[in-house]
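K.L.:
This structure is in structure tokens; I'll ask about it shortly.
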Amino acid sequence: MLQKSLYSLGLVLCIYGAGFSQEDTSKLEMGAPNVNWSSTATPQAPREISASDGIYDKFILIRWEASEQALAYKVFRSTSSKASSLQEVSNAWQKSTWLCDYTALPNVDYYYTVVANDGKSNSKMGPLDKGFLRKSGAVAIEASDLLAENEAFGAQRQIFLLIGSVATPNKVFRSGENMEVSTPIQNIFEQATPLTELRYFFSEDGVLDWSDKLLKTKTLSNIPANAQLQVKEQIALPGNLLNGTYYLIVVSSTEGQILSSKTAIVSIKISN
């Protein structure tokens, strides 16, 4: 009876969706004079992480206990119990404390972990919990086939930085004024990040496209494992702007892979 109830609950959750929020991740640099290492308190890592064990045949349901002061969460998985080669399962920060992994393959054990964010910083990874799809017969999967399937249907294996928010001390500016942009970031992985390109775009509608103006570009690299830092950058706003609401979009791409870029956005007002 308990397993039947869990099955029904999982179907309801996964059919009606997890309520994802807008994508809010990015990557930044180390070694520049405007990078300040932060020692501020971070939210607690999510606890009581539970991945379904063979209950569903189409997805794995991951649930966890809400972290104190956390506003959003991201889910990661690995095919190793040592959490090597973590893959990002959730494509965006989400407020709900559960997620359905439809990219899981049959006859494969996955180990899931969750990271919390309080709007300023990210927690450490929560404990790992194993999950798998309902067994439907012996199907041999070669290691090379597993890697290919994960790259095709799941998040690619890569090391990247998480961004909690993009903030400015003020919300109202004048045309051509210098704007200070503050970005808390964290490397949750057990190895340094590779080369990352960071770009700041000025947008009129908050949708990244070819009409947006590139304000600044930086090349970033080698953030240490498990590092947390605060980056502040001076961005010059365009001149001759009309009064109104605009947006600053931050885009970061690991090793220049534009298709796998992460973005973060903040709204500002122009009042001349």
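The numbers here are math on the coordinates, done by the rules we state, and not lab data. It should be emphasised that the depicted structure is a prediction, and the values quoted were computed from it without experimental measurement. Note that we place each Cβ from the backbone using ideal geometry, even for glycine, and neighbour counts take in every protein chain shown.
K.L.:
What nm distance separates the two modelled labels at Ser81 and Asn107, each placed 7 Å from Cα along Cα→Cβ?
P.N.:
2.1 nm
K.L.:
Which cross-chain or sequence-distant (5 or more) residues have an amide H under 5 Å from the amide H of Ile223, H modelled 1.01 Å from N in plane?
P.N.:
Under 5 Å from the amide H of Ile223: Thr193.
K.L.:
Something else: If I model a spin label at Gln234 and Leu195 as a point 7 Å from the Cα along the Cα→Cβ vector, what separation in nanometres do I get?
P.N.:
In this crude label model, Gln234 to Leu195 measures out at 2.8 nm.
K.L.:
Quick check on the exposure proxy: order Thr263, Thr79 from fewest to most C-beta atoms within 10 angstrom.
P.N.:
Fewest-to-most ranking of Thr263, Thr79: Thr79, Thr263.
K.L.:
Explain nothing, just compute: Karplus ³J(HN,Hα) = 6.51 cos²θ - 1.76 cosθ + 1.60, θ = phi - 60°, for every residue of the range 126-132 in order, whole Hz, x for Gly and Pro.
P.N.:
x, x, 7, 9, 7, x, 7
K.L.:
Under 5 Å between amide hydrogens, which residues at least 5 positions from Ala45 or on another chain qualify, with H placed 1.01 Å from N in the peptide plane?
P.N.:
Amide H neighbours of Ala45: Lys124.
K.L.:
Restricting to DSSP loop positions (anything but H, G, I, E, B) with no more than 10 other Cβ atoms inside 10 Å of their own Cβ, which trypsin sites (Lys or Arg not before Pro) remain in the range 43-109?
P.N.:
Passing sites in the range 43-109 are Lys82.
K.L.:
A follow-up question, please. How would you rank 115-125, 101-111, highest first, on the average number of other Cβ atoms within 10 Å across their residues?
P.N.:
Output ranking for 115-125, 101-111: 115-125, 101-111.
K.L.:
Also, I was wondering about something else. Can you figure out the FRET efficiency of Asn178 with Asn91, using R₀ = 51 Å and their beta-carbon distance, to the nearest 0.05?
P.N.:
0.95
K.L.:
Leaving out same-chain residues fewer than 8 places away, which lysines sit with a Cα under 28 Å from that of Lys95?
P.N.:
By straight Cα distance, Lys95 reaches Lys4, Lys27, Lys58, Lys74, Lys82, Lys120, Lys124, Lys130, Lys171, Lys232, Lys262, Lys269.
K.L.:
Please list 3J(HN,Hα) in residue order for the range 219-232, calculated via the Karplus relation 6.51 cos²θ - 1.76 cosθ + 1.60 where θ = phi - 60°; whole Hz, with x for glycine and proline.
P.N.:
Whole-Hz 3J(HN,Hα) from phi for the range 219-232: 10, 10, 6, 6, 6, x, 4, 6, 8, 10, 8, 10, 10, 10.
K.L.:
Any idea how far apart Asn170 and Glu48 come out in nm if each label point goes 7 Å out from Cα toward Cβ?
P.N.:
It is 4.7 nm.
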